[in-house]
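*Asks:* There's a structure below that I have some questions on.
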Amino acid sequence: MKKGYTYAPNPFKKMPLKVKKLPVACAIYVPNTDKEGKNISDIEFKKRIQEVEEKILQLFGGHITDELEHGGFIGKNKKLISEKVSHVSVFSDIQTYKKHRSELEKWLLKKKKEWNQENIGYEFEGDLYYL
C-alpha cells in the first residue's frame, strides 16, 4: 500500500476527469486573547486572521475561515481562558504539504511569540496540537 496521510477510498466509483485530490487537512485556531486571557481589540483580531489567511494562501493556495463563537481551555496558571476563536482551515496535496510544513511551523511559532500566546492551536488530520 502506498504510504500517505489517508487511506480512505475514492468517494465515487468512477472518478470524474481531472479530479484533484487534496487529502491533507489542517487548520489554525486564531485567538482573540493573549496568554493571560486578556481580550485584544476587534481590529487586532481581524488583523491576526488576515495574517493567517495570507500565509495559508501563499503556502497552499486557498483557505476556509470560520469564526467560532467561543472556545476555552485551562491555562498553565490553572485558570479558565475563554476566548473567541477563528478557525482557518486548508486542504492540500501531500507533496505541497511536505514542501511547506517546516516553513508553516516556524511561522506559527513566530506568531505565538508575537501574539503573546501560551499555545497556538494547530489541527492536523483531525488531531489538535498545541504548539
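The values are calculated or read from the model by the stated rules, or taken from the named source; none is laboratory data. This is a predicted model, so every value here is computed, not measured. Using ideal geometry, Cβ is built from the backbone for each residue, glycine included, and neighbour counts are taken over all protein chains shown.
*Asks:* So, in region 67-96, how many residues would count as being over 20 Å from residue 112 (Cβ atoms) and in contact with a Ser or Thr (Cβ under 7 Å, 6 or more places away or on another chain)?
*Replies:* 2
*Asks:* Out of all the residues in region 102-123, which are at pLDDT 90 or above, under 14 Å from the mean Cα position of the chain (by Cα) and surrounded by 12 or more Cβ atoms within 10 Å (Cβ to Cβ)?
*Replies:* Scanning region 102-123 gives 103, 104, 105, 107, 108, 109, 111, 112, 120, 121, 122, 123.
*Asks:* If we keep just the residues of region 9-42 that are of a type in the set (A, V, I, L, M), within 20 Å of the chain's Cα centre (by Cα) and not in a strand (DSSP E or B), which is farthest from residue 124 (Cα to Cα)?
*Replies:* Going through the qualifying residues, I end up with 40.
*Asks:* Could you check residue 92 against (1) among the small types (Gly, Ala, Ser); (2) more than 16 Å from residue 131 (Cα to Cα); (3) out of contact with any helix residue (DSSP H, G or I) (no Cβ under 8 Å at 6 or more places or on another chain) and say which number it fails?
*Replies:* Looking at each condition in turn, residue 92 falls short on (3).
*Asks:* Can you pull out every residue in region 88-126 that is farther than 14 Å from residue 56 by Cα, part of a helix (DSSP H, G or I) and in contact (Cβ under 8 Å) with a residue 40 or more places away in the chain?
*Replies:* 94
*Asks:* Which numbered condition in (1) under 16 Å from residue 25 (Cα atoms); (2) surrounded by 12 or more Cβ atoms within 10 Å (Cβ to Cβ); (3) modelled with pLDDT under 95 is the only one that residue 126 fails?
*Replies:* That leaves (2) as the condition not met.
*Asks:* Could you please find all residues in region 43-72 being in a strand (DSSP E or B), within 21 Å of residue 130 (Cβ to Cβ), free of Cβ contacts under 8 Å to residues at least 40 places away in the same chain and of a type outside the set (D, E, K, R)?
*Replies:* 65, 68, 70, 72
*Asks:* A further question on this structure: From the list 56, 49, 74, which one is surrounded by 12 or more Cβ atoms within 10 Å (Cβ to Cβ) and either modelled with pLDDT under 95 or touching a His at 6+ places or on another chain (Cβ under 9 Å) (or both)?
*Replies:* 56
*Asks:* Using the structure shown, decide if residue 129 is without any contact (Cβ under 8 Å) to a residue 40 or more places away in the chain and either touching a His at 6+ places or on another chain (Cβ under 9 Å) or not in a helix (DSSP H, G or I) (or both).
*Replies:* Considered against the rule, which asks whether it is without any contact (Cβ under 8 Å) to a residue 40 or more places away in the chain and either touching a His at 6+ places or on another chain (Cβ under 9 Å) or not in a helix (DSSP H, G or I) (or both), residue 129 comes out as yes.
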